[in-house]
Amino acid sequence: MSKYDPIKTEAKWHKIWQESNLYQTPPSARSKLYNLVMFPYPSGNLHIGHWYNFGPADTLARYSKMHGRGVLQPIGFDAFGLPAENAAIARGLMADEWTTHNIEIMTGQLNKIGAMYDWSKTLNTSQPEYYKWTQWIFLELFKAGKAYQKDGLVNWCPSDKTVLANEQVVNGRCERCGAMVERKNLKQWYFSITDYVDELLDDLTTLDWPERIKDMQRNWVGKSEGAKVTFATTDASKKLEVYTTRPDTIFGATFMVIAPEHPLVRELTTKENLTAMTEYLDQAGHKTDIDRMEAQDKTGVFTGSYAQNPATKQNIPIWVSEYVLMGYGTGAIMAVPAHDERDYEFARKFDLEIVQVIDGASVQDKAHELTGKLINSGDFSGMDSGSAKTAITAWLEASKLGKPQVQYRLRDWLISRQRYWGTPIPIIHCDSCGAVPVPEKDLPVLLPLKQKFGKDGRSPLLDNPDYQKVKCPKCGGDSKRETDTMDTFVDSSWYFLRYPNPSYQDGPFDPVAVKQWLPVDQYIGGAEHAVLHLLYARFITKFLHSTGHLDFSEPFTKLINQGMMLGPDGNKMSKSKGNIIDPDSYVDKYGADAVRVYLMFMGPYDEGGSWDPKRFEGAHRFINKIWELCTTKYIETNLDSTVEAELEAKLHKLIKKVTEDTQASKFNTAIASTMEFINFSSNVKRAGQASSEQWRSMVMTLVKLLAPFAPFLTEEIWERLGNRSSVHLEAWPEYNPALIADNTKTIVVQLNGKLRSEFIVDSKQAFNKEELERLARQQVATMLSDSKISKVIVVPGKLVNFVVS
RNA sequence: GCCGGGAUGGUGGAAUUGGUAGACACGCCAGUCUUAGGAACUGGUGGGGUAACACCCGUGGAGGUUCGAGUCCUCUUCCCGGUACCA
């Protein structure tokens with residue numbers, strides 16, 4: 001029998017599967033599985049991380065299909081976006097040409113994976129028939145008042161020349177290109193994600209997602225409970241609102257601090273302090289976020305004004321400092337230096353009063369941030385922090401000086417981008433009517449193709465009068481089309497709704513198909529989208545739910561996170577480190593099955609790992625061993641009924657193990673047990689101890705168990721075994737529990753918990769305590785001869801432990 | 001700083017959830033085959049110890065609970081991911 005040729009075999013089956021439409025999505029199914037991977041960005045090449053995501057995801061899909069579930073497993077492209085635009089500029093190409101070219105290449109690579117993609121259900125977010133509906137969703141949000149324009153401080157990436165959402169700023173840098181983000185005052189479009197903040201937080205408990213992802217979302221939303229308190233200036237002319245999580249410390253508020261961008265800064269600054277203030281504001285305005293973060297020392301300037309602490313009635317100075325951020329709370333704080341580290345540092349530096357109001361630790365050298373018993377707090381002294389928070393907030397509320405307040409860190413989603421390659425924002429700016437939405441009948445607003453890029457990547461839309469010139473849909477007057485496009489995360493926030501029927505014309509998604517397939521049953525992808533895509537998609541789903549377009553409010557019931565694939569050196573793969581593994585070279589030499597098996601055997605799926613070329617050999621050998629075992633002639637020479645029974649028992653144990661492990665995405669242990677079984681059955685084969693019929697039936701079962709892992713190899717073997725139809729249409733094997741029960745058990749004998757001996761006992765005897773103790777005593781009789789047994793512990797079916805002195 | 005995850009042979013990793021630590025695989029060593037190399041196959045492989053057994057040590061570190069701890073508790077070191085003047 002010839003050696004296994006993965007290249008020929010894989011090409012052969014890929015063709016047959018395609019021609020026979022083997023993986024066509026069933027129109028309906030009693031039990032459905034919407035198995036989804038995060039669709040790729042058409043960067044030009046499928047990298048090893050894609051394989052690590054898509055291969056095991058397909059194994060899960062195939063496993064479910066064999067369980068009789070109707071499976072929808074689509075694939076498409078997240079095709080708009082900056083990298084394509086930048087690459088096109090760099091190569092002097094059109095963005096659409098570059099994207100189309102990459103999609104062609106990547107489609108070929110995707111086919112090699114051997115995944116059961118249904119290519120009749122693919123989509124591409126840069127196509128007008130798709131982005132028409134992205135625009136439609138924008139208009140729905142606009143109608144509901146949840147897409148709005150706002151003037152304000154935004155994150156600006158000077159290298160990509162566009163604004164960014166908060167979620168796209170990582171450590172003060174642009175998530176895409178790593179450039180330091182600047183702050184700018186601009187009028188931009190936002191989506192009101194904060195309107196859904198409580199649902200986004202609370203519904204996390206209903207989701208079957210990894211806890212760490214849920215925690216990341218919880219942290220990002222950043223809910224905190226406290227109080228809003230109003231402080232009046234001493235002349236009562238102005239009011240300053242502050243947010244605090246520690247109303248119990250209000251008696252210790254000895255000064256106030258407001259952000260440099262606070263609207264009252266100018267008004268509060270007295271003549272004597274004006275020069276210093278102007279200087280301070282000027283240098284603060286020039287700093288990037290990074291500068292601010294890295295500032296070692298607290299800086300600040302006194303305004304010259306005072307406010308009255310409503311609790312102590314004392315006059316306290318109002319300062320301006322960068323450590324108070326305009327974007328959180330009210331942009332002003334009551335500073336309690338005794339009980340807040342930052343306020344403490346500021347007070348020490350500028351020699352401000354420190355009054356301790358919580359007992360329990362000295363504030364001589366540092367702030368005391370814990371809760372405790374109140375002191376120096378008037379009528380509230382003696383209470384503990386917990387009840388004082390409630391009592392003081394109630395008192396503030398009764399005196400109309402404050403109220404309980406819940407604060408979130410999450411801000412609205414800034415979706416405008418000053419770039420060309422994205423979904424045009426369907427808005428027309430009219431001098432008399434303002435921002436007017438493009439009427440639905442005029443959708444899509446087509447993105448003009450074949451555009452030459454301006455200098456420095458300037459959006460061609462800005463220099464395209466034909467695109468901009470438009471009549472106002474309201475008054476018919478001359479007006480100007482919006483030239484910004486949408487963040488690509490808007491495109492990807494709803495794509496999973498369209499997959500079930502991507503050619504649907506009458507809406508963004510086909511309600512019948514959505515009813516059949518949604519929500520997504522399992523979503524498989526990396527953790528890098530925890531607070532980006534996954535949060536946005538939940539928001540859009542909740543919006544469409546609240547407006548009656550969907551009857552579910554969470555898009556992804558179950559989330560599976562694969563770990564990260566690292567280079568052979570254990571580092572994140574990057575061009576600069578030169579440690580990028582190209583999957584194609586392995587696929588072209590050893591086949592997709594070997595690559596899939598390698599990736600799944602490597603270790604726990606959610607932990608990832610580094611690519612080790614040496615260890616790849618193991619997966620390759622595994623494939624060859626299966627081939628050898630299943631396709632070379634079996635000769636029955638030396639029948640042994642004990643071995644036959646053992647083979648049968650091991651097979652059924654294997655079915656159980658592979659079933660349970662695959663279900664739990666524990667691919668590595670599923671494969672390990674299969675290897676173990678193959679080692680055992682190779683010995684049986686060599687000795688010819690089992691009947692030919694048993695052997696043949698065992699091989700058939702084994703091939704079915706392996707089908708989701710190595711789809712090409714198993715299909716070829718299946719055919720050679722004489723089967724006419726595909727192994728991928730077979731039903732998943734079931735195990736017989738009666739065959740799994742061992743008829744003997746190994747009982748361990750311990751002395752003081754240490755292994756000393758073991759014996760085999762008939763399963764019927766394994767739970768008879770007296771018998772086990774008797775047998776165990778025989779085993780270690782000589783060792784026990786001159787020791788005193790103080791206790792005997794018998795664990796039925798497992799062990800006997802003698803405690804001796 | 002805060003939140004989450006982790007540390008087991010030369011390497012990747014197993015371990016029925018408190019009951020034989022190191023499954024499976026890589027690598028290495030020896031052997032068979034081969035002109036040779038490779039491939040394939042067979043056996044061995046945590047450390048110490050022994051002629052071979054016996055025996056001792058061993059899951060980042062220090063304690064503890066228990067007849068028995070990789071697994072539970074307390075403290076601690078280091079690594080990874082997320083997040084951060086968030087009041």
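Quick notes
- Spin-label zone in region A:752-790 - amide nitrogen under 11 Å from a point set 7 Å from the Cα of A:Ser805 along the C-beta vector: A:788-790
- Ranked by the mean number of other Cβ atoms within 10 Å of their residues, highest first, the peptides A:598-608, A:14-24 fall in the order A:598-608, A:14-24.
- Comparing Cα centroids, region A:1-62 and region A:610-641 end up 23 angstrom apart.
- Net lengthening on full extension, A:Leu462/A:Ser381 (0.36 nm per residue, minus Cα-Cα): 22.8 nm
- In this rough spin-label picture, where each label sits 7 Å from Cα along the Cβ direction, the A:Met564-A:Ala741 distance is 5.0 nm.
- About the Cα centre, charge dipole magnitude for region A:526-642 (Lys/Arg +1, Asp/Glu -1 at Cβ), debye: 300 debye
- Modelled label positions at A:Arg686 and A:His286, each set 7 Å beyond Cα in the direction of Cβ, lie 7.9 nm from each other.
- Separation of alpha-carbon centers, region A:674-738 and region A:333-348, rounded to whole Å: 71 Å
- The A:Leu449 and A:Asp606 beta-carbon pair, evaluated with R₀ = 41 Å, returns a calculated FRET efficiency of approximately 0.50.
- The modelled label-to-label distance between A:Ala29 and A:Thr234, using points 7 Å beyond Cα along the C-beta direction, is 7.5 nm.
- Taking 10 °C and 1.306 mPa s as conditions, region A:306-453 diffuses translationally at an estimated 78 µm²/s according to Stokes-Einstein applied to its Kirkwood radius (Cα pairs).
- Evaluated at q = 0.10 Å⁻¹: base-10 log I(q)/I(0), Debye formula over Cα of chain A: -1.12
- Applying 1/(1 + (r/R0)^6) with r as the Cβ-Cβ distance of A:Ser432 and A:Ser399 and R0 = 60 angstrom yields a FRET efficiency of 0.80.
- FRET efficiency for A:Gln364 and A:Arg342, using Cβ-Cβ distance with R0 set to 22 Å, rounded to 0.05: 0.80
- Burial ranking of peptide ranges A:489-499, A:128-138 (average Cβ count within 10 Å, highest at the top): A:489-499, A:128-138
- Computed [θ] at 222 nm, helices only, for chain A once each DSSP H run of length n ≥ 4 contributes -39500 (n - 2.57): -11000 deg cm²/dmol
- Charge sum, other residues only, whose C-beta stays under 11 Å from A:Val748's C-beta, Lys/Arg counted +1 and Asp/Glu -1: +3
- The slack in the chain from A:Thr669 to A:Glu19, taken as 0.36 nm per residue of separation less the alpha-carbon distance, amounts to 230.5 nm.
- A 1.4 Å probe run over the protein chains yields, for region A:349-409, 60 Å² of accessible area per residue, whole-number rounding.
- Across the accessible surface of chain A, with the other protein chains kept in place and a 1.4 Å probe, carbon and sulfur atoms take up 50 percent.
- Diffusion coefficient, µm² s⁻¹, Stokes-Einstein with Kirkwood Rh over alpha-carbon pairs of region A:63-192 at 4 °C and 1.567 mPa s: 72 µm²/s
- Relative packing of peptides A:424-431, A:701-708 - highest average C-beta neighbours within 10 Å first: A:701-708, A:424-431
- q = 0.17 Å⁻¹, region A:519-649: log10 I(q)/I(0) [Debye, one scatterer per Cα]: -0.99
- Cβ-placed point charges (K, R +1; D, E -1), dipole of chain A about Cα centre in debye, nearest 20: 1000 debye
- Percentage, to the nearest whole number, of Cα pairs in region A:615-731 over 20 Å apart: 41 percent
- Quotient of C-alpha Rg and 2.2 N^0.38 Å, computed over region A:211-331: 1.19
- Counting 0.36 nm for each residue step from A:Ala11 to A:Gln505 and taking away their Cα separation leaves a gain of 174.3 nm.
- Averaging the Cα positions of each part gives two centres, and for region A:147-212 and region A:450-476 these lie 26 Å apart.
- Solvent-accessible heavy-atom area per residue, rounded to whole Å², over region A:710-801 at 1.4 Å: 60 Å²
- Taking a sphere under 15 Å around the Cβ of A:Asp569 and counting the other residues whose Cβ falls inside, with K and R at +1 and D and E at -1, yields a net charge of +4.
The values are calculated or read from the model by the stated rules, or taken from the named source; none is laboratory data. It should be emphasised that the depicted structure is a prediction, and the values quoted were computed from it without experimental measurement. Note: ideal-geometry Cβ built from the backbone for every residue, glycine included; neighbour counts use all protein chains shown. When the accessible area is computed, the model is the full protein with side chains, heavy atoms only, and any ligands, DNA or RNA have been set aside. Shrake-Rupley method; radii C 1.70, N 1.55, O 1.52, S 1.80 Å.
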